[in-house]
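Chemist: Dumping the structure here so I can ask a few things about it.
Rule-based calculations on the coordinates, nothing more; no lab input. Because the structure is predicted, anything quoted here is derived from the model rather than measured. As a convention, Cβ positions derive from the backbone with ideal geometry for all residues, glycine included, and neighbour counts pool all protein chains shown.
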Amino acid sequence: MSAQPSPAPVEAPRARFRPPSVPQVDVRGFWGARVDAVADRTADILYERCVEAGMLDQIDPDRPVPELRIPFHPGGKVTMQMFWDSDLGKTIETAAYSLYRKPNPELEKKIDAVIDMFEKLQQPDGYLSSWYQRMEPGKRWTNLRDCHELYCAGHMIEGAVAYYQATGKRKFLDVMSRYADHIATVLGPNPGQKHGYCGHEELELALVKLARATGNHKYMDFAKYLIDQRGQQPHYFDEESLARGENPSEFHFKNYEYNQSHLPVREQDKVVGHAVRAMYLYSGMADVATEYGDESLRVALDRLWDDLHSKRLYVTGGLGPSADNEGFTADYDLPNETAYAETCAAVGLAFWANRMLGMGPNTRYADAMELALYNGSISGISLDGSLFFYENPLESRGAHNRWKWHRCPCCPPNIGRMVASIGSYMYGQADGEVAVHLYCDSTARLDIGGSEVTLTQDTRYPWDGAIAIKVDVEKPTRFALNLRIPAWSRRASLSVNGTPIDLSTVTSDGYAKIDREWKAGDTVQLDLDLAVERFYAHPEVRQDTGRVAIKRGPLLYCLEGIDNGVALNRIRVPQSTAFDANFEPGLLEGIVTLSARAEADATSDWDGNLYRNEPPKTETVPIKAVPYYAWDNRAPGEMLVWLRGN
């Protein structure tokens, strides 16, 4: 008798890592200062500027129906005023996390009043949209493609979850649960339901948050439906257009790549269209892949991830070069001075990367999350939390400055809520495992399945690579501690209670996994090398040919005119240039600057000529670089990321 083949090994199921809630993590250090700026200033500013814009006039059913304050775009379908509910939802979310950080009775009273308005506005069937109830009654659910109905619902759901978690108040959570229940009766696969989904993705990831906060899995199932249905034929947006008496081909953006509904999501392999919509879609897909163990979604997400990171991502973690579609164009099209790189898009990349980590620690996702968080996103808010960028270029001649407000104010509350909730990005918790994705002075109380583990980080990161982690447990507890080893760190060392650990024996997917019985007071020491490194762009990125970018640890650097005595594009940084890193506590709230001696094309001997047949002479000049996130916090002036190289 021939021997029977051995059964194929069965891969152990991956642990599902979920982020902690904001109240589980106390943040200090670098991010603590950013959270304090949001709590001290941004949260109040967002509320006041929403009031100034007239948003409360629209949502309060006790006030007269207001006038249209923002005109319709050409074609008459869309005005930015129709998604004011979303701006208020994000403002509530920012306020919620800020209230947890620092009590603010006046702000809390104002937010409670806004929630009361939404509760009073809600219809008996659960429907809730200030635009379709007050401004265009009778048109609800007629244009999911263009009109942000579900997008607004998603942001209000996220605000409701945050407000409940931070304050313990359920009113808004109950209001939005009723609205989500209503939407699930309108949309779905059953006869009599609309087989639709939103033109601007957001509801998907919000429903996942609602399911986790309430423990009601039906919201997770609804999120999965929205993901599965997107891009299926017959195409819902075509049917919806015909029902309105319109020609589907007259869609303003010409094709459905704009809103990522051109193909079913599992068939997509190219990052296309509106950048923020794409990031929100992929975030929802990653959540659903995590919760359902859906390998087909994971494979699609990795294809899309590879496309973005090999052809379409700025070195800052910004994305979407074009203002025309607020999104993507062609491979390697990454202009610097005209970069759109919307703040919301970098925030969205952080969302996506964080949710990819739900399927297990992997440094390629965590490194990208860190890149977007430290660079392309927080550049969108001033250090004092009062002014904002919509676009985040990589070069400026001095005219690009932060503004007080915008007619499309999606970015200020988006960056506000992300910064205020940063603790939830730092860690992951699963049954029997903890992951540390980001390093920051902080304390986290994490649930590993019936047991609580407290981790306290002591570090000056990102200025210093020394990280001490103290472990506290009520009784000796076995669990795996996963520590990210960033790909940018040339050297790293790790020890537990002073005993060195060979990283090569415990590292997988860029995380060192220490699986042991932990006792109260155990300490981990991780040291990461923060070397100054030069980065070069792919040769197809024509705008960066012959240029170099400078990075130290997670931070990308730039030159500002205020620190450098010559026009920035005259400066050249040869390969031999050595940079000195210096901590300057009095500059830009305390930063590490990079200083060097570089070359510059001289202008003194041109004698009024515009052209000549000899190249410029060179002179040696001192240069100073500052972190990109901190630029435009002093006098307006030039800024440059990509410097001329050899």
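Chemist: Rank the residues Thr316, Thr338 as a footprinting-exposure proxy: fewest other Cβ atoms within 10 Å of their Cβ go first.
Modeler: Thr338, Thr316
Chemist: I would also like to ask the following. Given labels modelled 7 Å from the Cα in the Cβ direction, how far is it in nm from Asp431 to Lys254?
Modeler: With each label placed 7 Å out from Cα toward Cβ, I get 5.1 nm.
Chemist: Separate question: With the Cα gyration tensor of the stretch 155-307 in hand, give its eigenvalues times 5 under a square root as the equivalent ellipsoid semi-axes, listed largest first in whole angstrom.
Modeler: 26, 20, 14
Chemist: Return the whole-Å distance between the Cα centroid of the stretch 51-93 and the Cα centroid of the stretch 199-274.
Modeler: 24 Å
Chemist: Under a point spin-label approximation (7 Å from Cα along Cα-to-Cβ), what is the Tyr292-Asp174 distance to one decimal in nm?
Modeler: 3.2 nm
Chemist: Once amide H atoms are placed 1.01 Å from N in the peptide plane, what residues at a sequence separation of 5 or more from Glu433, or on another chain, have their amide H within under 5 Å of its amide H?
Modeler: Correct list: Ala480.
Chemist: Taking each pair of different alpha-carbon atoms in the stretch 137-213 once, compute 1/r for the pair, average those values, and report the inverse of that mean as the Kirkwood hydrodynamic radius in Å to one decimal.
Modeler: With all distinct Cα pairs of the stretch 137-213 included, I get 13.0 Å.
Chemist: Just the C-alpha atoms of the stretch 523-636: what Rg/Rh do they give, with Rh taken as the Kirkwood radius?
Modeler: Across the stretch 523-636, the Cα-based Rg/Rh ratio is 1.04.
Chemist: What FRET efficiency do you get for Ala578 and Glu246 if R0 is 41 Å and r is their Cβ-Cβ distance, rounded to the nearest 0.05?
Modeler: 0.05
Chemist: If the reach is capped at under 24 angstrom between alpha carbons, list the lysines near Lys194, excluding any in the same chain fewer than eight residues apart.
Modeler: List returned: Lys77, Lys139, Lys209, Lys218, Lys224, Lys254.
Chemist: Between Ala487 and Ala520, what FRET efficiency comes out of the Förster formula 1/(1 + (r/R0)^6) with R0 = 45 Å and r the beta carbon distance, rounded to 0.05?
Modeler: E between Ala520 and Ala487, to the nearest 0.05, is 0.85.
Chemist: Please provide three numbers in whole Å: the alpha-carbon extents of the stretch 410-484 along the principal axes, with the largest listed first.
Modeler: The Cα atoms of the stretch 410-484 stretch 45, 28, 19 Å along their principal axes.
Chemist: Order of Tyr164, Tyr536 from fewest to most other C-beta atoms within 10 Å?
Modeler: Going from sparsest to densest Cβ surroundings: Tyr536, Tyr164.
Chemist: Also: Would you mind computing, in nm to one decimal, how far apart the modelled labels at Ala635 and Arg63 are, each placed 7 Å from Cα along Cα→Cβ?
Modeler: 4.2 nm
Chemist: Measuring from the lowest to the highest alpha carbon on each principal axis, how far does the stretch 431-528 reach, largest first, in angstroms?
Modeler: Ordered largest first, the stretch 431-528 gives principal extents of 37, 27, 23 Å.
Chemist: Past 19 Å, Cα to Cα: identify those pairs from Lys90/Lys270; Lys551/Lys624; Lys513/Lys551; Lys109/Lys169; Lys470/Lys513, in the order given.
Modeler: Lys90/Lys270; Lys513/Lys551
Chemist: Same structure, new question: Inverting the mean 1/r over all pairs of different Cα atoms, compute the Kirkwood radius of the chain and quote it in Å.
Modeler: Taking every pair of different Cα atoms in the chain, averaging 1/r and inverting gives 25.9 Å.
Chemist: Moving on. Calculate the length of the line joining the C-alpha centroid of the stretch 319-374 to that of the stretch 444-479, in whole Å.
Modeler: Cα centroid of the stretch 319-374 versus Cα centroid of the stretch 444-479: 29 Å apart.
Chemist: With r as the distance between the Cβ atoms of Arg303 and Ile70 and R0 = 30 Å, compute the FRET efficiency 1/(1 + (r/R0)^6) and round to 0.05.
Modeler: Plugging the Cβ-Cβ distance into 1/(1 + (r/R0)^6) gives 0.20.
Chemist: Let me ask something additional. Rounded, prolate or oblate: which fits the stretch 521-566, taking a ≥ b ≥ c as square roots of the Cα gyration tensor eigenvalues, rounded meaning a/c under 1.5, else prolate when a/b beats b/c?
Modeler: It comes out oblate by the Cα gyration axes.
Chemist: Apply the a/c threshold of 1.5 to the C-alpha gyration tensor of the stretch 42-90 and tell me whether it is rounded, prolate or oblate.
Modeler: Verdict is oblate for the stretch 42-90.
Chemist: Report the extension gain between Asp529 and Gln193 in nm, rounded to one decimal, defined as 0.36 nm multiplied by the number of residues separating them, less their alpha carbon distance.
Modeler: Length gained between Asp529 and Gln193: 115.3 nm.
Chemist: Also, quick follow-up: Tabulate in residue order the Karplus-calculated ³J(HN,Hα) for the stretch 312-326, using 6.51 cos²θ - 1.76 cosθ + 1.60 with θ = phi - 60°, rounded to whole Hz; enter x for Gly and Pro.
Modeler: Each residue of the stretch 312-326 in turn: 9, 10, 6, 5, 7, x, x, 7, x, x, 10, 6, 4, 10, 6 Hz.
Chemist: Based on DSSP H runs of at least 4 residues, each adding -39500 (n - 2.57), what is the mean residue ellipticity at 222 nm of the chain after dividing by all its residues, to the nearest 500 deg cm²/dmol?
Modeler: Result for the chain, helices only: -9500 deg cm²/dmol.
Chemist: Just in the stretch 268-372: which GluC sites (Glu not before Pro) are loop by DSSP and have at most 16 other Cβ atoms within 10 Å?
Modeler: Glu337
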